[in-house]
Every structure is written in C-alpha cells, then in structure tokens.
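Visitor: Supplied in structure tokens, the structure appears directly below.
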Amino acid sequence: MSVAASPAAPPLRPVMEPVPCRVTSVAKETHDTFTLAVAPPPGDPISAFEPGQFSMLYVYGVGELPISISGDPAVRESLTYTIRSVGQVTYQLVTRQPGDFIGVRGPFGSSWPLKEARGKSVLIVAGGIGLAPLRPAIYSILRHRGDYNRLVILYGSRSPRDLLYKKEFAAWGLLPDTQALCTVDYGGVTWRGHVGVVTTLFRHVRMQPKETVAMICGPEIMMRYAARELEARGLPPEQIYLSMERNMKCGAGFCGHCQMGPYFVCKHGPVFSYPQIKPYLDLYEL
Amino acid sequence: MRRKSYRLDENGLEALIARLREQGYTVYGPKADDSALHWRPIAGCADLPRGWTQELAPGRARLVPDSSSAMFHHWPCAEGLKAILHLSIVRVMAARRDNGAFRILDNPPPAEKCAFLGVRPCDLAALAILDRVLLGDRYADDIYQARRQGAFLVAIHCQQSAPTCFCASMGSGPRARTGFDIALAEFVEGEAPEYFAEAGSPAGLDMLEACGATPAPPEWARSVEEGCTRAAAAQTRRVDVHAAPQLIDALFESPHWEQVARRCLACGNCTSVCPTCFCVNYEDRTSVDGLEAERWRLWDSCFTQGFTYIHGGSVRASVKARYRQWLSHKLARWQAQFGTPGCVGCGRCIAWCPVGIDITEEFRQLQLSAAAAASYPIKD
Amino acid sequence: MAPAEMKNVLTSHPFLEGLPEKYIDMLSKLAFEVRFEQDEVIFREGDPSSLFYLILEGKVALEMGAPGRQIIIQTLEAGDELGWSSLLENTTKQFRARCVEPVRALAFDGARVVNLCEEDHEFGYHIMRRALALVAERLRASRFQALDVYSPKGVRAQ
C-alpha cells in the first residue's frame with residue numbers, strides 16, 4: 001500500500017513562515033471556547049481553504065498550534081477559528097483582542113468529501129469541538145444545496161453549556177429537508193432536550209444508508225463508536241469519513257510527530273475515509 | 001555502466017582536499033574526536049584517522065589503535081551526513097514586534113558549500129532517502145535544500161565489513177553505485193595507501209584529472225569488486241525487509257515487543273545516530289524585553305515521552321509502543337510513505353545502543369513469532 | 001384502549017419486535033395505558049421496583065441528584081422502555097424518572113410478567129432475551145458516557 005502525497009504548487013513563501021494577520025473579532029461560544037476571526041492579506045493563499053483543512057496559528061513569542069478552520073470557505077476576507085482554551089497557546093489565542101496580530105500558516109491537510117457526496121444525502125456527526133471543522137462543510141453544502149439530498153446534522157456535547165453555535169444550529173434545523181438534532185452526555189434540571197451519547201440519535205435519523213455519506217468529527221472514542229454503529233446500520237464504509245488528530249509541530253510533514261501507522265495526519269489527513277483508517281483505529285498506542 | 005578507473009596516491013588525495021577548499025568548500029571528513037569518529041572540517045590528510053580503527057559490536061563503539069597506514073580503516077562515523085546537512089539546531093524564523101503587530105524578518109537558511117570525503121555507501125543511500133523525505137515530498141525543506149544542493153561527495157567503497165554492518169541485505173552497499181561525485185577504494189600494500197578512484201559526475205571527473213589521477217592498473221577494478229563481494233559475504237546480520245510491510249500490522253500485538261521494552265531505555269541514541277531519522281521539534285524563544293522572537297528547530301526523537309502528546313497524555317505512553325513505532329516505521333511504514341525502507345544497514349543503532357539492542361535480531365524474532373502464530377494449531 | 005388497538009401498539013413497539021402473536025396476546029391482557037403530565041415524577045430513586053413501561057409518546061428523563069447537583073443521565077422517548085429492573089425481583093429503582101414532556105405509555109406489573117415467565121419458560125426466554133439486549137445497550141452507552149470523552153484532558157486513569 002502506498003500513501004504518496006501528491007505534489008502541490010510551489011509555495012510563494014517558505015512553508016514554515018507565518019503570515020501576521022489582524023484579529024477582527026473574538027466571540028465567546030461557551031465558558032472555555034471562543035471563535036476568533038482574522039483578516040488575511042487580500043487574496044493570500046492562506047485563506048483559500050477546503051472544508052476540513054487546518055491552519056497553524058502562531059502567537060508571537062509563545063508558540064504554534066494546529067487549529068481547524070471553522071468558517072465559510074467562500075468568504076476569503078476572513079479566516080475563522082473556534083478554539084477551546086486548554087493550555088498555554090490556546091489560552092493566549094482566545095485572549096487576543098480585535099487589533100492584535102497572530103501568525104497563520106497553511107492551509108494544510110485533506111478535506112471533507114464534498115464532491116464525492118454530491119447527489120447523495122449527507123450525515124454530519126459531531127462531538128464537542130468537533131463541530132468546528134465540520135461547520136465549513138455545512139456552509140458549503142448549504143451554498144450548493146441543490147447538489148445534495150437530505151442533510152442531517154447530529155451533535156453531541158458534554159453538557160448543555162458546552163454546545164457550540166446554538167443559534168446557528170437551531171436555524172439549520174428549520175431549513176427544508178434538513179434535520180439538526182443535538183444531545184448531551186449530562187443534562188441539567190432545566191434541559192428539555194435529549195440526553196445520551198451521540199450514537200443514541202441515530203435511530204431518529206431518516207435516511208437511506210446506501211446513499212448517505214457520513215462525516216464524523218469529535219473525540220476519537222466517539223468517532224470509533226459512531227463509525228462502527230453507522231456501518232452496522234448499512235452505510236457503506238467507503239462513504240464514512242473521520243477527521244483524526246495527532247500532535248503536530250509543523251503541519252507540513254517534516255517533524256514526524258503526527259504519524260499514525262503509515263499516515264502523516266497533517267498530509268494524508270486529517271480527513272480519512274473509514275477504510276483507510278479503520279485498521280489503525282483499534283490499535284491502542286499506535 | 002562502466003566507469004573509467006583512476007589511481008590516486010596520497011599526494012593526490014591531499015591535492016583533492018586542497019582543491020576543494022580552494023573552490024570554497026568546507027571539506028568534512030571522518031575525524032577522531034571525543035573518542036569517536038565524527039564529521040569534522042578537515043584541512044588535509046593529517047586530519048584523517050590514520051592509525052585508528054573501530055571496534056563495533058552491539059552496545060560497543062570504540063576507537064582503537066590501528067597499526068596499518070590506512071586512512072579509511074574504519075566504518076561509519078557516529079552520525080550520518082545529516083549532522084551537517086540536516087542541522088541539529090537551526091533557526092527557522094525570526095520576528096520583531098512592530099507597533100502592536102509583528103514583522104517576520106528575513107531569515108536566510110545557513111547555506112554552506114559542503115564537501116564530504118570518505119562517505120560510506122550506506123551513508124550515500126541514507127542521503128538519497130533524506131532527499132526523498134525532505135525535498136521530494138509535498139513540501140521542500142529550504143534549509144536542507146540550501147545545504148544539500150551543490151554538496152560534493154567523495155565516497156569510499158567498503159572492502160571489509162564491521163560485525164554490525166548489514167548493508168548488503170538492505171541493498172545499500174558495500175559498493176557505492178550512484179549518488180557520488182567521486183568514489184574511492186583504499187589499497188594498503190606497504191607504507192603508503194593508494195586509491196582506486198572513479199568519477200560519478202562531470203565535476204568529479206574534472207576534479208580527478210586536476211588532482212593528477214592516472215589510469216588505474218587494469219586489475220584494480222576487479223579487485224575492488226572482489227573486495228566488496230567479500231565484505232558483503234562476511235556480513236552475518238541481515239533483515240528480510242521485503243517481508244516487513246505485510247508483517248508489521250499483524251505483529252502489532254506480538255508479545256515480543258514486551259521483551260524488547262524490558263531492555264530499551266528509550267534513550268534515543270538510535271534515532272540520534274541513524275542517518276535517516278529526520279524528526280524535529282520547534283521551540284519558540286523571545287528576548288527578555290519581548291521585542292524579538294525566534295523559532296528554532298531541533299532534532300527530536302520518537303522515543304521521547306512527549307513526542308505524541310495530545311489531550312493531556314501521550315498516545316505512545318509506554319516504551320514498548322515507542323520502540324515498536326521506531327522499528328515499524330524504519331523497516332515497514334517508511335516503504336508505504338516514501339517507496340523504500342528507511343534503514344540502510346549501517347549498523348550504528350546496534351553499536352550505539354547502550355544495551356546493545358539489535359534491530360536485525362529483533363525483526364528476526366518478530367518474524368519467528370509470526371511464523372509460530374501462523375502454524376499454531378487451533379483445536380476443534 | 002381497545003384490545004385490538006392494544007395488540008397493534010404492542011406488536012409495533014421495538015422492544016417486542018418479533019414476539020410470537022400468542023405472547024402478544026398474553027401481554028395485552030396485562031398491559032394498561034398510562035399518561036403523565038410534564039414534570040410529573042414516574043418513580044423516585046429507591047422506589048421498590050414494580051412497574052415496567054413501554055413509552056409511546058413524550059420524553060422521560062432519568063436523573064440523579066446530590067446536594068448542589070442534579071444531572072440527567074439519559075432521556076427516553078417513544079419506542080424506548082423504562083424500568084427494566086422491574087423484571088428482576090427484590091430491586092429498587094436506581095434513578096428518578098421525570099417527564100420532560102407529557103408521556104403516554106403502556107405499563108405492566110413487573111411481578112406479573114415474571115410470574116408468566118415462570119409458568120411459560122418459552123415466553124420467559126423471549127422476554128429475558130429482549131431485556132438482556134436492552135440492558136447491554138444501556139451498559140454500552142453508560143460506559144461511553146463514563147469515559148467523559150469531551151473533557152479537555154481527554155480520558156486519564158492517573
């Protein structure tokens with residue numbers, strides 16, 4: 001089996017050099033998650049991304065991290081990232097103010113199979129912050145709605161206060177031929193919605209498994225469960241896609257950190273088809 | 001391809017070094033330094049390790065006195081050419097604060113005209129592998145490129161093998177086939193060594209002729225071939241690397257990994273001396289006043305505990321998982337990624353491992369355990 | 001509910017899928033329809049197990065409370081079953097079941113169902129097999145929940 005990466009066009013600048021971009025807005029999504037928008041230089045390749053790709057974001061003097069792009073790919077004037085504050089660099093990113101600058105490199109990685117899904121129904125299964133890398137795919141599908149059949153968005157989070165994009169999510173559910181269902185692992189006394197892991201939503205989905213493409217993103221355990229469950233329900237495995245995550249220091253295949261079996265998650269992923277990644281998903285400490 | 005055979009004496013070799021230096025090359029050669037052989041800049045033949053040879057065995061790499069007058073009676077240096085071409089510490093970015101924003105400063109890669117004298121065939125093969133990884137994939141490493149392009153390579157065929165060598169089974173030696181400007185073989189009959197030389201490039205040919213190389217005696221070429229063949233036959237270690245890709249996934253749960261893990265210190269010596277290991281890490285540094293920031297790139301090793309750190313823990317937390325990753329990558333996964341194995345059979349990891357873990361033996365044990373598992377009868 | 005409609009409802013409930021008709025008949029004689037209002041509590045933690053429900057409409061939250069904490073750990077809807085522990089003797093309810101939406105369900109006296117299982121072992125096998133599958137699914141989901149996969153630090157044992 002060969003996993004050769006196809007050569008891209010020659011870069012305009014060294015691939016390790018960040019582009020300073022001005023922060024235009026910082027919006028609070030939940031208690032620990034914020035959405036940052038930056039203004040890339042007009043027409044700069046860093047903003048020409050496909051849904052599912054990520055950027056390497058640099059905080060001056062502090063460090064750099066891979067963050068999935070969570071905005072609309074058709075809007076080139078802005079690059080949007082939804083970031084959960086869990087460590088030093090992410091804390092610095094979410095505490096930026098409009099007018100600050102951060103460095104951006106990319107876009108890197110593989111993308112969601114929007115072309116392959118044309119003419120089919122799309123099932124989006126997101127867990128926690130995993131909805132962020134899927135949102136650009138949702139935007140693209142909504143922009144070209146006629147190219148797809150049913151759209152189902154299933155979203156699971158830890159608790160009601162961890163749900164992202166609440167208003168947008170509700171709006172998606174009201175669109176024709178679209179289902180948007182969410183669930184939480186732990187509900188509070190005022191929560192009137194569904195409680196249970198995200199796979200418990202599958203039985204509420206109206207779809208024809210054979211003509212459905214599933215795009216899954218979330219904690220790895222959740223993705224394993226979801227993919228397995230979907231395959232058991234009749235989705236052809238080659239129509240199931242996952243977005244994997246590993247330690248990345250460069251995003252460009254040099255540092256070697258993100259390897260998972262034969263794959264570099266930064267080059268061959270982060271989006272993988274289920275048959276590609278399945279042999280390696282169940283191997284602990286791979 | 002028949003190449004014309006030349007003869008160089010020691011004066012010719014001296015002239016070769018001098019001429020390269022005149023042309024602006026930093027000439028690197030194997031130098032005895034700090035109890036081992038390292039690639040160091042040399043000024044002439046006096047800097048070469050005449051009078052020294054190596055004792056190489058699992059967990060043992062010693063420089064010991066040598067009574068012959070040979071200058072190349074040894075095997076690979078402690079590290080491959082990556083020590084010079086894929087720098088272990090290098091700045092990749094500099095930035096400066098600028099009115100609330102920051103500016104990326106010009107940071108030209110540290111280019112150097114490098115010439116290498118005495119490159120073993122395994123190291124030539126390793127260089128081709130690094131070229132594929134760092135220049136031939138989706139993105140090119142501009143630092144490696146700046147130093148690699150224009151490098152002048154004087155290889156040396158191995159007429160003897162060390163106990164730790166297994167280049168023959170990896171197809172990377174003991175005879176250098178391609179990728180060099182000049183290839184030598186050393187003959188020591190009496191007091192002074194003489195050199196069989198062949199050109200591998202127009203630049204190499206020019207250089208040989210300018211250094212007073214004369215046509216070699218007709219039997220020399222065959223003598224070199226025979227010497228290389230003898231050296232290959234003398235190798236007792238081998239790796240059945242063609243079997244690696246199919247086996248490695250099936251062997252993931254093999255109990256043998258636990259056996260290795262008990263001995264492995266996860267010290268990372270193997271990755272440090274391996275001529276093809278390329279993993280790096282990046283470190284961000286600021287000046288105390290915060291006005292200047294830099295990013296530095298350093299060699300890293302998959303054996304470190306934090307190499308796979310994500311979400312509060314490491315994916316490969318155990319030493320077992322880390323050793324398994326290194327061997328699997330080097331022998332099998334590299335083939336899927338880059339078309340060839342990552343190993344060239346130089347044997348450095350065997351010699352420089354403090355506890356003498358032998359990659360060839362470990363793979364052999366894994367193959368045996370796979371065969372045993374396959375033939376284990378399942379009772380009805 | 002008329003007997004014919006009762007049989008239809010039972011036959012189409014996922015929990016009883018594939019149950020032979022004669023056993024549907026037996027169950028239809030035991031079942032009775034119940035309705036609960038929003039926020040009504042069906043059973044409390046510690047209640048002696050007695051009734052077993054097949055939910056037809058609405059939503060029930062299974063919840064647990066402690067000082068300063070009240071957590072819903074699962075919601076059950078149409079097509080789900082509630083109170084499987086009633087099929088085991090000498091157990092009490094582990095959670096509180098509260099209606100998040102008005103609920104309509106078919107209720108069974110667990111003790112009577114168990115008696116029927118004793119009298120007709122084939123019936124018992126059918127019921128227990130379904131109960132086992134149900135409990136297995138709940139266990140799987142609970143374990144997944146226990147992993148707390150959305151926690152920022154992932155899952156750590158130490």
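Just so you know, all these numbers are worked out from the coordinates, no wet-lab data involved. Predicted, not measured: the structure shown is a model, and the values here were computed from it. Every residue, glycine among them, receives a Cβ derived from its backbone with ideal geometry; neighbour counts consider all protein chains shown.
Visitor: Once you have a ≥ b ≥ c as the square roots of the Cα gyration tensor eigenvalues for region A:1-159, tell me rounded if a/c is under 1.5, and otherwise prolate or oblate according to whether a/b is larger than b/c.
Guide: Taking the square roots of the gyration eigenvalues as a ≥ b ≥ c, region A:1-159 is oblate.
Visitor: Given all pairs of different Cα atoms, what value in angstroms does the Kirkwood hydrodynamic radius of region B:109-267 take?
Guide: 18.5
Visitor: I would also like to ask the following. Kindly write out, for region B:91-96 in residue order, the coupling ³J(HN,Hα) from the Karplus curve 6.51 cos²θ - 1.76 cosθ + 1.60 (θ = phi - 60°), rounded to whole Hz, with x marking Gly and Pro.
Guide: Computed from phi, the couplings for region B:91-96 are 7, 10, 7, 10, 9, 9 Hz.
Visitor: Give me the distance in nm between label points sitting 7 Å out from Cα along the Cα-to-Cβ direction at B:Leu265 and C:Ala111, one decimal.
Guide: Those two pseudo-labels are separated by 7.2 nm.
Visitor: For region A:204-278 and region A:51-86, what is the separation of their C-alpha centers, rounded to whole Å?
Guide: 20
Visitor: Here is a follow-up. Report for region B:83-231 the percent antiparallel among DSSP-assigned beta bridges with both residues inside it, nearest 5.
Guide: Antiparallel: roughly 65 percent of the beta bridges in region B:83-231.
Visitor: Moving to a separate point now. Using the crude model of +1 on Lys and Arg Cβ and -1 on Asp and Glu Cβ, and no other charge, please compute the dipole size for chain A relative to its Cα centre, in debye to 20.
Guide: The dipole magnitude comes to about 460 debye.
Visitor: Mind giving me the nanometre distance, one decimal, between the label points for C:Met1 and A:Glu285, set 7 Å out from Cα along Cα→Cβ?
Guide: A separation of 5.3 nm, rounded to one decimal place.
Visitor: Long-range amide H contacts for A:Ser157: which residues qualify at under 5 Å (H placed 1.01 Å from N, peptide plane, sequence gap of 5 or more or a different chain)?
Guide: A:Gly128, A:Thr183, A:Val184, A:Asp185
Visitor: Could you work out how far apart the two model spin labels at C:Leu134 and A:Ala170 are, taking each label as a point 7 Å from the Cα in the direction of the beta carbon, and quote it in nm?
Guide: So the two model labels end up 3.5 nm from each other.
Visitor: Treat every Asp and Glu Cβ in region C:26-135 as -1 and every Lys and Arg Cβ as +1, leave all other atoms uncharged, and give the resulting dipole magnitude about the Cα centre to the nearest 20 debye.
Guide: 220
Visitor: Checking the a/c ratio against 1.5 first, then a/b against b/c, what shape does the Cα gyration tensor give for region B:228-273?
Guide: oblate
Visitor: Taking amide H positions as placed 1.01 Å from N in the peptide plane, with prolines and chain starts having none, which residues 5 or more places from B:Arg237, or on another chain, fall under 5 Å of its amide H?
Guide: none
Visitor: Let me ask something else about it. In whole Å, what is the distance between the alpha-carbon centres of region B:160-208 and region C:32-65?
Guide: Region B:160-208 and region C:32-65 have Cα centres spaced 85 Å from each other.
Visitor: What full-extension length gain, to one decimal in nm, is calculated for B:Ser69 and B:Ala101 as 0.36 nm per residue of separation minus the Cα-Cα distance?
Guide: 5.2 nm
Visitor: Residues with beta-carbon under 14 Å from that of B:Trp39, excluding B:Trp39: net charge, scoring Lys, Arg +1 and Asp, Glu -1?
Guide: 0
Visitor: Further question: Averaged over peptide B:307-318, how many Cβ atoms belonging to another chain are found within 10 Å of each residue's Cβ?
Guide: Taking all residues of B:307-318 together, the mean is 6.
Visitor: Could you give the longest part of chain B that holds none of the trypsin sites (Lys or Arg not before Pro) found in DSSP loops with at most 11 neighbouring Cβ atoms within 10 Å?
Guide: The reported range is B:3-378.
Visitor: To continue, here is another question. Between C:Glu122 and A:Val189, what FRET efficiency follows from the Cβ-Cβ distance if R0 is 45 Å, with the result rounded to 0.05?
Guide: According to the calculation, E is roughly 0.55.
Visitor: Taking other Cβ within 10 Å of each residue's Cβ, how do A:Tyr91, A:Tyr148, A:Tyr274 sort, fewest first?
Guide: A:Tyr91, A:Tyr148, A:Tyr274
Visitor: Looking only at the protein assembly as shown, where both bridge partners belong to it, what percent of the DSSP beta bridges are antiparallel (to the nearest 5)?
Guide: Looking only at bridges with both residues in the protein assembly as shown, the antiparallel portion is about 75 percent.
Visitor: Provide A:Trp112, B:Trp257 in ascending order of the number of other Cβ atoms located within 10 Å of each residue's Cβ, fewest first.
Guide: In order of increasing Cβ crowding within 10 Å: B:Trp257, A:Trp112.
Visitor: Can you tell which of C:Ile55, C:Phe15, C:Phe36 lies farthest toward the positive end of the dipole of region C:1-84, using +1 and -1 charges on the Cβ of basic and acidic side chains (Lys, Arg; Asp, Glu)?
Guide: Positive-most Cα among the choices belongs to C:Phe15.
Visitor: Which length gain, in nm to one decimal place, applies between B:Trp296 and B:Thr236 when the Cα-Cα distance is subtracted from 0.36 nm times their residue separation?
Guide: 17.4 nm
Visitor: Enter the mean number of other protein chain beta carbons within 10 Å of the beta carbon of each residue in A:274-283, as an integer.
Guide: Mean number of neighbouring Cβ atoms from other chains: 1.
Visitor: Further question on the same structure: What does the average come to when, for each residue of peptide C:136-148, you count the partner chain Cβ atoms lying within 10 Å of its Cβ?
Guide: 3
Visitor: Calculate, for B:Arg285 and B:Ala336, the FRET efficiency according to 1/(1 + (r/R0)^6) with r their C-beta to C-beta distance and R0 30 Å; round to the nearest 0.05.
Guide: Once rounded, the FRET efficiency stands at 0.25.
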